[in-house]
Each structure stands twice: as C-alpha cells, then as structure tokens.
Amino acid sequence: MLGTEYTAVYAKVKKWSSGLVKADEWAEILRLSADEAVREAAGRNIKTAQAADNIEAVEALLKEESYLYTLSAMRYLSPAMHRFIDAWSRFYEIENIKTITRCLLNQKPISGLYNISVKSRFRRESVKDIHSLDEFQDFLSGTDYYRLAADTFPRIKEEQKTFFFEINLDNFFARSLKNQFDRLAGHDRSDARQTIMLYMDIQRIVWIYRARFHYEMSPSDTIAVLPNLTGLLNRKIYDALIASDSTETFIGILDKAGYLDSIRDNGFEQRLYRKLFTRMKRIRSGLPFRAGILLEFLIRHELNVKNWIMVLELKKRGMDTARIKSRLYPS
Amino acid sequence: MKKLDVIILKKDVDIVLKEVVGFGNFQVLDIDAEKARGFSLVKNPSSERTALLGEYDRRAQFLQNAFKTTEAANRMEDTLSFENADDNNESSVLNMPAIEQALKGLETEYNQYNAEMEKTRTRKSDLDIRIKKIQYFSDISTDWRRFRDLPHIYIGFGVIPVTSFPGFQAAADNIPSVVYRQVGIEGRDVLLFFAASRTVREKMDSILKNVYFRDYGIPDSEEGAAGNNLMKLAFDLSGVHDEELWLDRRFEKLAARGMVLLRRVRKSVHYHIGMVRLEEEMASTGKAILFSGWVPASQADDLRALISKVTEGRSEFVTTTAAQAFAEEGLEPPTKLDNPAILRPFELLVTTFGTPSYSEIDPTPFAALTYMIMYGAMFGDIGHGFVIALLGVALLLFKKFRGMASFGAILTGIGLSSMVFGVLYGEMFGKHTPFQAIWMNPAQNMMEFLLMGVIFGAIMITFGIILNLVNSALEKNWGKFFFSPSGLAGIILYMGILANVALPMLKLPYSSMLWFMPISGAFMILFEKPLEGLFIKSGHKEKGSAVKSFFELFEALLGFFSNTLSYIRVAAFALNHSVLMGVVYLLADGVKNNPVGYSLAVIGGNLFIIGFEGLIVGIQSLRLEYYEFFTRFFRASGQKFEGLGIYKNRN
C-alpha cells in the first residue's frame, strides 16, 4: 500500500550486496592462486561464511547461500510476490535434478547439489544411494518430474546427452513461473518483468542458440522443444531467432532488438547478461521501496555465484587470467 | 542456577554422557581450546557425527512432511503426547545404526509406494485414453481402417504431455498442411488428433518425437467391436481404481506407523545431538576428562549423586553458585523460568519480550496479574468474558490444540478477569445486568472512569519503578538505584509531581513544601553521573555532559507524563465497549419485527465485538505491558537455559 510494503528491503539488500564481488575486485581475485581464490570465496559469504579449503566445499557454500537468500527474501514480500518467488525457488530443485542426471549419465558420484529445504526430495542425503538413471526415474515417482523423466530418459540413454531432459525441466519451470507472474499486478509485475522474467528470456535465447547452432536442430524442432512459453519474448524476435540460419544473423537480430550490450569484445552470452545488468541497474537506482530491489539482487547473486564457480574451476585447470576474465558475467 | 565442574576417568565417559544427557537439565559450557591448552588439557575435536545427525533429522523431517498429507498420520500425531510413557524410557532411544535402519526402511517403503502408485496411475491413464479414443472415434460412424493408407495425407491419434503441448502447437501452427485437434486432457497428457500432408511427414515425425508423442493409432477394429472393447476397458479401469484405493490405504497405514517411528527417531537424534554437544565440550588429560555446565540449583546435588553412582565414586566435582561464577569468572548464568503451573502460561508474555537475566526478578507473576487486570478492565462484560474463557478452556482440553495450551490458559485467565469486571460494571453481553453494578458502569460515569485510568497509570508506573529498584539492588547497581529516572530519584520526582497536582485538585491537605520533592528528584537526575561518582564507590567517574543531562531529565519528565496518560486507554476502551454494544443493539432494533433477523443481528454483533474488540484490547494491553511497564524495570538481557537431551521435564 502506497509503496510501503517493502520499506525493509533496501537496507537488507544493501547489507547483502556487500558480499558480492565488484568488477574491479575480480581483477584482484584473478591474480590470486587457485588455493587463495578458494579461501577468498569461502570467506566472502555472508550467510554461510566458514573456512573451506577445497573447491567442492566452497561451491556447496556458494550454492547454499544462493538458496538461503531466496528464502530470506521471501520474508519481505507481499503474498502474491511471495508465491512468485516460491515458484522461483524451484529453480534450485530443478538445478539439483539436472546435476543428478548429469552425474548419473557420466557415472560419477552425485555431488554439487544445492542444499535445499527438507520439503524437497532432491537433497544430498536422499539421492546418495542412487546409481543409475532407472533408479532415479523410480525415485522421481510421485513428483511432477516423473513424466518428464519417463519420456526423456530413454532418449538420454540413446543419445548420451541430457539436453532434452534439461530443456523439458526448464519448460516446466518457465510455465510454473509464468503462472505466478500472471497473478502479479502493478509495480510487482513490472519489477518481476524487468528482472526475473527478463533473466528467463535470456536463458531461453541462449537455449535457442544452442539448439540451432550446437545441436543443429531444425527451426520446427526448435520451436517444438523451446516454445515461447512465457509469451514475454517478442513474437517477431522469437520467430526471427528461430528462423535465423547463421550465428551472425542470430546475433544481429538480438543486437537490433536491444538485447545485447554494445561492447563487442565478448561472446554474445556475456553481452546478453551485461545488457540485463544495465537494465536492472535502473531498478537498483530507482525507488528503494520496490520488490525489484530484492529480485534484482537475487539475479546479481546468481551471476556472482556463476562467476565464482567459473573462476575456481578454470583456475584449477590452469587457464590464464585474461581468458577467464573474458568469460565472466557482469558484476 | 549452579555451575558444576566435573572430572571423571576416561573409561567412564560413555556412561556419564548417557546419564547427563538423560538427566536433561544440564547446559554445557563451551571450552576454549586455547585456554585448555594453557592448562595442558586437550579439547575434544568436533565430531563428524554432528553432520550425520543433521542429515538424519532432515530425512526424518522430510518423511514426516510426506506422511502428514494423510489423515491417519495427522490423527496419530494428535494422539502422540510428550508425556507418553515410552518417550521417557531411555530404552526407547535408538542408537545410530538403528536410526539409519529405521529411516532407510521407511524411505524404501515410501519410494516403493510412489513407484507402485505411479505405475498404477500410468495404467489408469492409459485405460482412460483408450476409452476416450473409442468414444471419440465412435462419434463418427465410419470404418477408420480406410484412412490408414491414404496417398496424400496421413492421420494420427495419440497423446502429448501437457508440458510439451505448447511446443507442438507452436511448431504445428507454422506448418500450413497440418491440422490438429485437442480432443481432451487426461491427467498429464493432451489427447491429440491430427492430419497432415505426407510431404511434411518427416518434419512432423521429428516434431512429434521431440514432444514425446505416444501413438495410440487409428481404430483397427470394426464399429461393432468397439462396444466390446469399451466394456473390457471399463472393467479393467475399475480394477485399477480399486488398486489405487488399496495403495492409498496401504500408504495411510504406512504413514500412521511411520509417524510413531519418526517421532522416536527424531527424539533419538536430538538425544545423540546432546551427547555430541557435551562430548565436544570436554577437555582431557591422559586419563581424566573435564567438563562444565549449568544446572538448576535444586538439582545440582541430584546430578552429582547420579554421576557419582554410575562412576562408582570415581568422580570429582566443584560446585559454584551463579553469583560466584559471575564475580570470579565473569560467566553470565542462563535463566530457567520456574513458575507455578498456574503462572507458567504467562511466561509466554515475558519471553516474547525477552529472557530475564539471572540477576533480575522474574516479571511473570506481575505480568500475569497486570495483564489480566488491564484486559478485564478494558473488556469488562460477564457474557463476553465467559465466551473467551470458554474458548480458552476448549484450547486446553482438546488434544488437537495442544500446541496452543499456553494461549488457551491466557485466554481463560483474561476471560475470567473480564467476567469479574463485568460484575463490577454490571454488564452482560452489552446490556445492564439485572443486579446493580457493584462498582460503577463506565458509560454512566465517564469522567470518573477516565480519572481512574490516570490513577491506574500512576500506580503501574510507580510499581514499575519499585521493581526497578529491586532489580538494581539485586545487581548492586547503586548508581541506578539512587539516581536514575527509574530509580529513587525518579520515584521522588514522579510522586512529587503527582502530589503537587493531585492534592490541590482533590482539595486535600497540601503544603507548598511538597515542591521540594520533584525539585530534589530532578536535581538527582540532572546530576546523576557526578553524584554517582561522588557517593558510589564503584560508580561512574565521568563528569557527564550538561546538555545531555538536561535532555535526559526532559525525556524523563515527558516519559512520566505521556506514560501516565497512556493508561487512560484502559478507561477509554471500557467506555468503548459499552458504546459499541449500544450500536449493536441499535442496529438489531432495526429488525426487531423479525425474530430471526433480530437474533442473528444480536448474536452476530456480539461475536463480532468479542473477536474484533477482544483482539484490539489484547494488543493494547500488551502494548501497555511492554512499553509503559516493562521498560521501567525489565532488562531482558538474559539467556535462556538450554538443557541437553530430551528429558527436560523429567524432574
């Protein structure tokens, strides 16, 4: 009422933001050794700060922090926005399912999961005894994901890739998020559109790119697998992206539509996220009593976690600083 | 509270751990590893069992949440009580392997149920689809076999998952020579009939593969056979329905059984967590172990005796009182509220504000009394009080509301208080009682009531300051005792102002010399710091800032004035109640000619007032309790006593 529902938000987000790494700080972090970077990552967490000396432990901490911030954010939201973020928090469950599937396909021990609520079945301790896709499919019984798994697992085994299953999961997620988005109104709706739903659009664009140019799927197959579910990606742009026959055309369409940052020295994904970041800055520097402040933080934190994991993994593999820097998401 | 230092032999550690955790009322003190090293002691390392126990607890919680979806489990939970005899028996505690086995067993059964139910639902869905297919195609009287091998078009019938259907629609809409119809939705599938040109067959097949189309085909039997097939499918479907019901019943039984076991598992987990907690705060030499903790003073000897018994005398103890521990080691003892049963529910009022520190009085009895008085005064009505008390008793009696027992007891108390004030005011369900008001009716004595409110406020504030004097004396904070606005200086100032205002107003004997009281009180507050430095040995030596002191005095005066007037709301709400009930009866009178309407208006109006005004009065009483009363004396800087183990109520 009168924009006062979120008066507590701004101070909270200011405090949480102090744990995020700024652009100039990445330069310092990239100069550290692999081990030093691991310790730095562990120490910067606000919610889960503790000593950790290996990448797996730090990645678990970072992921846990992401989830904890989402839970914390829900305490400050109006009922409709609370339901929207509750739908968003399923993102972590779905990421866990993807990770489990990848581990099982590659016959590796299941690791790297988000530490999520006890209401979810997809926690570390629940899945540690699963060793095959068939066992996992049985495990999914009774959940919303069983049918998705039943349809796609035969294809995973045949093609030895999880691509279609992950897209199915993302489609499922996008649908449930859109259902809650449709119930938002006023500033809540516009803030969600400019943050989380825009992030979802970008994810979809990236998927379309991969489907068309990495997996070389035809336009009709791409539409079938990646429909414009949220309905928020402009129909013409969506059709043009699907129909584009080269990466240059694809990137040109995005550039013209204003989805890409003007700096052309990085891959188009980084340009997409930089543009997202610029758009979200308007929310950060706008009225402090909007849900957008929180939503924008959640996205920024997500990108921050992606950056950390990327930096730690690539440093461990010995990639040089300049190449790592070129892959970083905006911060 | 007493601090107990215990030294035992290493060989006795397991048995002592069990006994101490079983005892329950022992809060372990953290040991600083560095300090321990200074005494050539080694602190036990952190245990890996902590993480494992956390995992067990999460697994148990997940299963509990899953089982709570059934009525049987919810009924079972209602019947389980903490006072259940089995719970207090130590043999009911499961060891770690047994916990793992119990959880594994339940998880396996739960997963099995889900898998079987999924298979049953898939079969049911398949049968439903086949039935719908027959119904769909039999609407058109033709031999569909003719359409199988048409040269230019092909047709198909099947299902696509609901989640993939938008993708199919988007792709198919882009192909002009495809027409399709959504026949219906069955569970998680969309039934689809389509026709397409053979020129786009390959494209169509690729799309259908990508959207996980399941082909059910065009009918291959004659029209007459459709009826027989339908009967067979319907018969199979009813069989599957029965199977589903049977699985649900099996799950209900599993859930009910599981809730009992999970309760035991979780209690065992908490028991082991207590053991690990204590073990981690033990320091050792080569042969001996040392640990320390807080125990309620009345139970210290019991615990010593218990440990001595199980170690067969191979133990040493050092018992320190809380005051000694604070003075010598700077340790703040935790607080365990210990009130008689009748007052225990009102601890909720206190602990919501904070935990009393060990060196201050427990405000629970005062909070109970003042809260009930204020509520009763603001909501004085025999009938309404009776309804509230009845609601409180219901919460106390019904097992379903066991978690709200404290709230139920408070409701009963304030309900009874309202009834008492109802007798004093002569009000029942908003009407005057047949008998004369024992005291006075608020609506008929408005000004007197408002004055009563002010007097009540003065009494409460004075009482608050007196309690602060007691607390300051217990803390031996003599500076606060004598010179603070809530100390002796404050009471002299306050009483002085009241005397100088009230006595002339009430035409009672008065002397202008009484002005000496507030002036001296103000002087003491104004020069609080210097006076404290001068007269109190351990007081502040700082000079203090004149401006700051002035504003403190100003704030104290303003506080006394506003806090006193704040209590006028007690009278205001008492008046409010009469007026609101007047409005209810006024509205009811509008439908006097209709007996049903009149009854509904009266009953509905009364219920509304009980709910709405009752809630507001509760909040206002709480506000007066916390802001005007507690802030005068209640430090609330204590830590709650957290005993180990699950047998906290054993003694």
Worksheet, complete the sentence: Judged on accessible area alone, 1.4 Å probe, highest first, B:Val501, A:Val9, B:Val423 line up as B:Val501, B:Val423, A:Val9
Discussion item. Need one word for the protein assembly as shown: rounded, prolate or oblate. Basis is the Cα gyration tensor (sqrt eigenvalues a ≥ b ≥ c); a/c below 1.5 gives rounded, then a/b vs b/c decides.
Written reply: prolate
Discussion item. With 13 Å as the cut-off, how large is the P(r) tail for the range B:340-406, expressed as percent of Cα-Cα pairs?
Written reply: 71
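Hey, any idea what % of chain B's accessible area is carbon plus sulfur with a 1.4 Å probe? Could the numbers behind the result be given before it?
Numbers: 20870 of 33280 Å².
Of all accessible area on chain B, carbon and sulfur atoms account for 63 percent.
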Worksheet item: Considering only protein heavy atoms, what is the solvent-accessible area of B:Phe366 at a probe of 1.4 Å, reported in Å² to the nearest 10?
Response: 60
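Calculate the FRET efficiency for B:Leu565 and B:Phe535 from the Cβ-Cβ distance with a Förster distance of 35 Å, rounded to the nearest 0.05.
Numbers: r = 34 Å, r/R0 = 0.96.
Efficiency at R0 = 35 Å is approximately 0.55.
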Fill in: Among B:Gln182, B:Ala172, B:Leu103 the positive-end extreme of the charge dipole of the range B:57-211 (Cβ point charges)
B:Ala172
Worksheet item: Counting pairs of alpha carbon atoms under 8 Å apart in space and at least six apart in sequence, what relative contact order in percent does chain B give?
Response: 21
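Does the range A:130-216 classify as rounded, prolate or oblate by the C-alpha gyration tensor (a ≥ b ≥ c root eigenvalues; a/c under 1.5 gives rounded; else a/b over b/c gives prolate, otherwise oblate)? All intermediate terms of the calculation are to be shown ahead of the outcome.
On the way: a/c = 3.82, a/b = 1.59, b/c = 2.40.
Oblate, because a/c is 1.5 or more while a/b does not exceed b/c.
Sort B:512-525, B:406-419 for me by packing, meaning the mean count of neighbouring Cβ atoms within 10 Å per residue, highest on top.
Values: B:512-525: 16.3, B:406-419: 22.3.
Result, highest mean first: B:406-419, B:512-525.
Show me the trypsin sites (Lys or Arg not before Pro) within the range A:204-266 that DSSP assigns to loop and that have at most 16 other Cβ atoms within 10 Å of their Cβ. Can you show the working numbers first?
On the way: sites: A:Arg204, A:Arg210, A:Arg212, A:Arg235, A:Lys236, A:Lys256, A:Arg264; in loops: A:Arg264.
Filter output for the range A:204-266: A:Arg264.
Tell me the per residue accessible area of the protein assembly as shown using a 1.4 Å probe; a whole number in Å² is fine. Mind dumping the intermediate values first?
Values: 47460 Å² over 982 residues.
Here the per-residue accessible area is 48 Å².
Given a 1.4 Å probe and heavy atoms of the protein chains only, how would you sort A:Arg121, B:Arg635, largest accessible area at the top?
B:Arg635, A:Arg121
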Worksheet, complete the sentence: Under a 1.4 Å probe, counting only protein heavy atoms, B:Ile466 has an accessible area in Å², nearest 10, of 80
Worksheet item: Which shape class applies to chain B: rounded if a/c is under 1.5, otherwise prolate when a/b exceeds b/c and oblate if not, where a ≥ b ≥ c are the square roots of the Cα gyration tensor eigenvalues?
Response: oblate
Fill in: Segment B:Gln324-B:Phe550, length gained on full extension (0.36 nm per residue, minus Cα span)
77.5 nm
Worksheet item: Quick one: if you stick a label point 7 Å off each Cα along the C-beta vector at B:Arg37 and B:Val162, how many nm between them?
Response: 6.2
Worksheet item: For q = 0.15, 0.18, 0.20 Å⁻¹, what log10 I(q)/I(0) does the range B:125-226 give under the Debye formula with an equal point scatterer on each alpha carbon and no solvent?
Response: -0.60, -0.86, -1.05
Item to complete: With only Lys, Arg, Asp and Glu charged, each at its Cβ (+1 for the first two, -1 for the last two), find how big the charge dipole of the protein assembly as shown is about the Cα centre; round to the nearest 20 debye.
Response: 1500
Worksheet item: What trypsin sites (Lys or Arg not before Pro) in the range B:277-337 are in a loop by DSSP, with at most 15 other Cβ atoms within 10 Å of the Cβ?
Response: B:Lys287, B:Arg314
Discussion item. Could you report the accessible area of A:Phe153 in Å², rounded to 10, computed with a 1.4 Å probe on the protein chains as they sit in the structure?
Written reply: 0
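Using DSSP to define loop residues, name the trypsin sites (Lys or Arg not before Pro) in the range A:282-331 whose beta-carbon has at most 12 other beta-carbon atoms within 10 Å. Each step should come with its number before you reach the end.
On the way: sites: A:Arg282, A:Arg284, A:Arg290, A:Arg300, A:Lys306, A:Lys315, A:Lys316, A:Arg317, A:Arg323, A:Lys325, A:Arg327; in loops: A:Arg290, A:Arg317.
Qualifying residues, ordered by number: A:Arg317.
Calculate for the protein assembly as shown the 222 nm mean residue ellipticity that helices alone would give, adding -39,500 (n - 2.57) per DSSP H run of length 4 or more and normalising by residue count, nearest 500 deg cm²/dmol.
On the way: 41 runs with 601 residues, N = 982.
Calculated from helices alone, the mean residue ellipticity at 222 nm is -20000 deg cm²/dmol.
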Worksheet item: For chain A, what is the charge dipole size about the Cα centre, in debye to the nearest 20, if Lys and Arg each add +1 at the Cβ and Asp and Glu each add -1 at the Cβ?
Response: 980
Practice prompt. Mind listing the long-range amide H neighbours of B:Gln639? Cut-off is under 5 Å, sequence gap 5 or more, other chains count too, H placed in the peptide plane at 1.01 Å from N.
Written response: B:Thr335, B:Tyr358
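Charges at C-beta only: +1 for Lys and Arg, -1 for Asp and Glu. How large is the resulting dipole of chain B about its Cα centre, in Debye rounded to 20?
Values: 67 positive and 70 negative charges, 55 e Å.
Taking the Cα centre of chain B as origin, the dipole is about 260 debye.
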Worksheet entry | Interface burial for A against B (accessible surface, 1.4 Å probe, total of both chains, Å², rounded to 100) | 2800
Practice prompt. Express in nm, to one decimal, how much length is gained between B:Asn594 and B:Arg250 on full extension, taking 0.36 nm for each residue of separation and deducting their alpha carbon distance.
Written response: 118.4 nm
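Let me confirm one metric for peptide A:214-227, namely the mean number of other chain beta-carbon atoms within 10 Å of its residues' beta-carbons.
Working: counts 0, 0, 0, 2, 6, 3, 11, 8, 4, 11, 18, 7, 4, 9.
Averaged over the peptide's residues, the number is 6.
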Worksheet item: What is the spin-label model distance, in nm, from A:Lys22 to B:Asp30 if the labels are put 7 Å beyond Cα along the C-beta direction?
Response: 3.3
Item to complete: Take every residue in peptide A:138-145, count the Cβ atoms of other chains within 10 Å of its Cβ, and give the average of those counts.
Response: 5
Fill in: Shielding by partners - mean other protein chain Cβ count within 10 Å, residues of B:107-114
3
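The values are calculated or read from the model by the stated rules, or taken from the named source; none is laboratory data. Because the structure is a prediction, the values reported are computed rather than measured. Methodologically, a virtual Cβ is constructed for each residue, glycine included, from the backbone with ideal geometry; neighbour enumeration extends over all protein chains shown. When the accessible area is computed, the model is the full protein with side chains, heavy atoms only, and any ligands, DNA or RNA have been set aside. Shrake-Rupley method; radii C 1.70, N 1.55, O 1.52, S 1.80 Å.
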